[in-house]
1. Just the number, please: carbon plus sulfur as a percent of the accessible area of the stretch 4-117, 1.4 Å probe, no ligands or DNA/RNA counted.
2. Got a number for carbon plus sulfur as a percent of the stretch 126-284's accessible area, 1.4 Å probe?
3. Please work out how much length the chain gains when fully extended from Asp195 to Arg234, using 0.36 nm per residue of separation minus the C-alpha to C-alpha distance, in nm with one decimal.
4. Relative to the longest principal axis of the chain, what angle (0 to 90°, nearest 10) does the C-alpha long axis of helix 270-285 take?
5. Can you give the Kirkwood hydrodynamic radius for the stretch 149-280, in Å, rounded to one decimal and based on Cα pairs?
6. Might you tell me the accessible area per residue for the chain, computed with a 1.4 Å probe and given in Å²?
7. Could you work out how far helix 46-59 tilts from the main Cα principal axis of the chain, as a 0 to 90 degree angle to the nearest 10?
8. Output the 0 to 90 degree angle, nearest 10, between the alpha-carbon long axis of helix 211-222 and the longest principal axis computed from the alpha carbons of the chain.
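The values are calculated or read from the model by the stated rules, or taken from the named source; none is laboratory data. Predicted model only: the values in this text are computed from it and were never measured. Positions of Cβ are backbone-derived with ideal geometry, glycine not excepted, and every protein chain shown enters the neighbour counts. Protein only, heavy atoms only, side chains kept; ligands, DNA and RNA dropped before computing areas. Shrake-Rupley method; radii C 1.70, N 1.55, O 1.52, S 1.80 Å.
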Amino acid sequence: MGLKIYLDGKLVNEDEARISVFDHGLLYGDGVFEGIRAYNGRVFKLDEHLHRLYDSARAIMLKIPLDKKETKKAVLMTLRANGLSNAYIRLVVTRGKGDLGLDPKKCPKPTVFIITHKITLYPRELYYKGMEVITVPTIRNLVSAIDPQIKSLNYLNNILAKIEANLAGMQEAIMLNKDGYVVECTGDNIFIVRDGVLFTPPTWLGVLSGITRNTVLELAIKLKIKTKEEVFTRYALYTADECFLTGTAAEIIPVVKIDDRVIGEGMPGKITLRLMKEFRVLTKKEGIPI
Ligand code: PMP
């Protein structure tokens, strides 16, 4: 017995969960998605993820055939069907089946599917030791082309950067925008600490409004750590006291080396460790019960 997948209103077995080769999600990356986590029988920040999904869909004029309440039910139903209380949830809405042209008018019915599975995070030891990353030549999509705030199925921009990271033997890459400002990583947001202040690039610069990012900003305020959403360059990375990345799959992961420059003391910083601890507490107690 394999996984149960939610597909267009029904739970089907993994090997029966099939999508047409004419689906524009596949042909053109025309669609939107979310990556969500469940911890200890609760779905973390589900409303925030649904909000972002519906915003992404609005931005690309894709009408999701379910309302938010129905989508929430579908997510919970899929988790229950698989008996999962800790999981990674992939919620995808594509433009649906069309013809070989790219016109979305030819796609009458969006495809909705939900996969609930385990997630492989970065190796565990990196959360203690911190990771090394590089900046890569591929710039992040322009806000005037595909705004990175749209979490679309079109991830080739990030994949090109990921290939560059792989070639350098790195697990993640920091991407800059066209003006050389730091924006985000291929699948994570980025934070730096300088003189006790927590900095992260503003979303208008071309950054996904990460749910983990926003949770960390809220946590910092609660912990009385000063936060600033501000534009910065690689220089600020190289001279930072601390650096960490955030994402639904990664959670909070410390960075100790960037482009071969040691960050701070070369170990996860104090503020980073405090935020990691508080984040763990939050994931244990918050969320929508499955
Ligand atoms: N930036 C990009 C490009 C992403 O794909 C992701 C999600 N994997 C993030 C940032 C982190 O966002 P979230 O915290 O909502 O997972």
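1. 56 percent
2. Values: 3930 of 7130 Å².
Ligands and nucleic acids excluded, carbon and sulfur reach 55 percent.
3. Details: separation 39, 0.36 × 39 = 14.04 nm, distance 1.71 nm.
Extra length available between Asp195 and Arg234 comes to 12.3 nm.
4. 30 degrees
5. Numbers: mean 1/r = 0.0674 Å⁻¹.
Across the stretch 149-280, the inverse of the average 1/r is 14.8 Å.
6. Working: 14360 Å² over 290 residues.
On a per-residue basis, the chain sits at 50 Å².
7. Value to nearest ten degrees: 70.
8. Orientation of helix 211-222: about 40 degrees from the principal axis.
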